[in-house]
Amino acid sequence: DWIELHNDGATPVSLAGWSLTDDPAESRKWIFPDVNIPAGGYVVVICDEANVTDPAPTGFLHTNFKLNQSGEHLALRDQNGTAIQVFGSIPPGSPFHSFGRNASGAYVYLDNATPGAPNSGAELSGFVAAPIFSLPGGFYSNGLGITLSTPTPGAAIRYTIDGSEPTETTGLPFAGAISVPASRALRARAFKPGMIPSPVVTQTYLVNEPTPRPTLPAVTLTGDQQRSLYRPFGVMAIDGNLVGAGLNFSASGQPWSGHGDPTEYN
């Protein structure tokens, strides 16, 4: 997490005694040291609870709080405690996008993070709502027909059945009920131009599993086989300090039915 302050004036601004906070009940939670923002310059503050106010010459300032990815209060106050800028709740964050002012001064999401430099990149208005599955995952005694929807008007949904994450160019476009005749994991994501794609939603359907499996607790693990689980990059490819030395596996994305297996993968 980080916050960027920009001085768009013609003279330097001293931040000594200014403050940042993520708590409306504690208006001066973290105090700036004696640091200046030059005319047209930037100061980047890392929000990771490290509480660094005397960094190395090439280091960064660090607050004593973190930012909540789902959004929270954020305020900047001057040395007198006067509010310079207050967000009642900053919008949800994204690991692949920043949130900042565009050339017109409006706040938007940007697809190119530029800490310490002018904001740039394609502007995005917000997040597409996550897909909704017509049935929750779990044990079922008969084959299913699963439908997908999203509250975001005009959004398109893509899904996969091989454990990989759907992207705008991979996976299958949802165009009608998805047949699930046997145990299978479905992963879906919604997309719309000018918006950030939705989170990936996964549901695992265990269909016509033999007795006594439907009466037992089930743990399901879903992921791209080579990327998440097996060779060359998956967790089971790690042997000691070596990556790629573990089990190699190739399958169609169906759950493994091995004896004593408490998990399902895709």
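Selection among 127, 31, 14 by position relative to the dipole of the chain gives 127 as farthest towards the positive end (Cβ unit charges, Cα centre). Using +1 on the beta carbon of Lys and Arg, -1 on that of Asp and Glu, and nothing else charged, what's the dipole of the range 100-252 about the Cα centre, debye to 20? With only Lys, Arg, Asp and Glu charged at Cβ, the dipole is about 140 debye. The charge dipole of the chain, taken about its Cα centre with unit charges on the Cβ atoms of Lys, Arg (+1), Asp and Glu (-1) only, comes to about 740 debye.
Projected label points at residue 112 and residue 221, each 7 Å from Cα along the beta carbon direction, are separated by 4.0 nanometres.
How large, in percent, is the carbon and sulfur part of the accessible surface of the chain at a probe radius of 1.4 Å? Of all accessible area on the chain, carbon and sulfur atoms account for 55 percent.
Rounded to the nearest 20 debye, the dipole size of the range 1-62 about its Cα centre is 240 debye, using +1 on the Cβ of Lys and Arg and -1 on the Cβ of Asp and Glu. The simple Förster model, with R0 at 35 Å and r as the Cβ-Cβ distance, assigns residue 135 and residue 238 a FRET efficiency of 0.50. Rolling a 1.4 angstrom probe over the protein heavy atoms with all chains in place gives the range 39-197 an accessible area of 51 Å² per residue.
Amide H to amide H distances under 5 Å link residue 138 with 204, 205, 206, where only residues 5 or more positions off or on other chains count and H is placed in the peptide plane. Of the residues 96, 55, 146, the one whose Cα sits farthest towards the positive end of the charge dipole of the chain is 146 (charges of +1 on Lys and Arg Cβ, -1 on Asp and Glu Cβ, taken about the Cα centre). One entry in (i) 22.2; (ii) 19.7; (iii) 20.7 is Kirkwood radius over Cα pairs in Å calculated from the shown coordinates; its label is (i).
The values are calculated or read from the model by the stated rules, or taken from the named source; none is laboratory data. Keep in mind that what you see is a predicted model, and the values were worked out from it rather than measured. FYI the Cβ positions are ideal-geometry reconstructions off the backbone, even for glycines, and counts take in every protein chain you see. Areas reflect the complete protein model, heavy atoms only, side chains present, ligands, DNA and RNA absent. Shrake-Rupley method; radii C 1.70, N 1.55, O 1.52, S 1.80 Å.
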